[in-house]
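Quick one: the structure is below, and I'll ask about it shortly.
The values are calculated or read from the model by the stated rules, or taken from the named source; none is laboratory data. Bear in mind the structure is a predicted one, so any value in this text is a computation, not a measurement. With ideal geometry, Cβ positions are generated from the backbone for all residues, glycine too; neighbour counts draw on all protein chains shown.
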Amino acid sequence: MFYKGKHDENAQMKLEMESNNDLKAFPKGNNFISSALFSFTNAKLGTIKEVIFYKKYWKLLKNYNKLYEEVKDFEEFKKMINGGSSDYCGKDSIYVKKVRQLFDESAKVQYTFNNEMDTEIQKIILENLLGKIGEDVRIWAPFHCDIGKNIEIGQGSFINKGCIILDCAQVSIGKKVLIGPGVIISTGDYPTEPLKRYEIFETKPIIIHDNVLVCAGVNIVPGVTIGENSKIGVGSVVTKDIPPNVLAVGNPCEVIQSIE
């Protein structure tokens, strides 16, 4: 049980009584709530921990998911996440307001993940924050992203401390990918022309295939695809596609040898 010892019996009984009412009243089946997040039986948490999680995070995560559902159908948002030029700064004030609110709510969810000590609860937060996350994925705090919903991570992958994924467009990370500390994966950029920087936001999706090793301090720019089994050396800046089964290093990152 979450509480142990005689001194905790009163608190435990109180929470157990609350749990019956809270979980009965818990909104299920809402289309803006991640099924992975609120399927408590699948989460495999004890009843007391379920109630504590519900009380601490329900409102925050509900707001985040609801905002995402409201924003995702805007045409400018679709253009942004699929790659291309979008009017991020712009003409549709309702859209701009909603997107900025989504970024703010995502930042709050990331804060809860980065400051939560319980790894089981961290996992549920990630299942709600990210678009898709496979089994046995580990992400060490601190972790930061733009939105979160545009990130997919395959089974058995590991992301070390201090990773930043700027997912204004889709970021696809395959199975058993290893990402070192301080890696930056960025899908967004602004035009070179100074005046256009305040009007247009440019994005390109990033794909990292299965079994890739991305070492510490690597920077991956928009539009890059890294082929399966390849290794990107420490501190590299990946500005173009990297083929499968190679070791690539440097700024700009270049292939230096094949991997058997």
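Just the residues that are within 17 Å of I153 (Cβ to Cβ) and either modelled with pLDDT under 95 or not in a loop (DSSP other than H, G, I, E, B) (or both), please, taken from the stretch 207-231.
I207, I208, L213, V214, I220, T225, I226
Scan the stretch 136-153 and tell me whether some residue there is more than 13 Å from the chain's Cα centre (by Cα), surrounded by fewer than 17 Cβ atoms within 10 Å (Cβ to Cβ) and either at positive phi or assigned to a strand (DSSP E or B) (or both).
Of the residues in the stretch 136-153, the ones more than 13 Å from the chain's Cα centre (by Cα) are 136.
Adding the requirement that they be surrounded by fewer than 17 Cβ atoms within 10 Å (Cβ to Cβ) leaves 136.
Filter again for either at positive phi or assigned to a strand (DSSP E or B) (or both), leaving 136.
Scanning the stretch 136-153, I find at least one residue that is more than 13 Å from the chain's Cα centre (by Cα), surrounded by fewer than 17 Cβ atoms within 10 Å (Cβ to Cβ) and either at positive phi or assigned to a strand (DSSP E or B) (or both), so the answer is yes.
How many of the residues in the stretch 224-250 are buried (at least 21 other Cβ atoms within 10 Å of the Cβ), of a type outside the set (A, V, I, L, M) and within 22 Å of the chain's Cα centre (by Cα)?
Qualifying residue count for the region: 0.
Further question on the same structure: Look at K204 and say whether it is closer than 15 Å to I220 by Cα, in contact (Cβ under 8 Å) with a residue 40 or more places away in the chain and not hydroxyl-bearing (S, T, Y). So that I can check it myself, show each step before the final result.
Details: closer than 15 Å to I220 by Cα: yes; in contact (Cβ under 8 Å) with a residue 40 or more places away in the chain: yes; not hydroxyl-bearing (S, T, Y): yes.
Criteria met by K204.
Something else about it: Only residues that are closer than 14 Å to G84 by Cα, within 19 Å of the chain's Cα centre (by Cα) and not charged (D, E, K, R): list them for the stretch 187-211, please.
Selection gives T187, G188, T203, P205, I206.
Please indicate, with yes or no, whether at least one residue in the stretch 155-165 is closer than 26 Å to N65 by Cβ and within 9 Å of the chain's Cα centre (by Cα).
yes
So I159 fits all but one of (1) farther than 18 Å from H144 by Cα; (2) surrounded by 21 or more Cβ atoms within 10 Å (Cβ to Cβ); what number is the exception?
(1)
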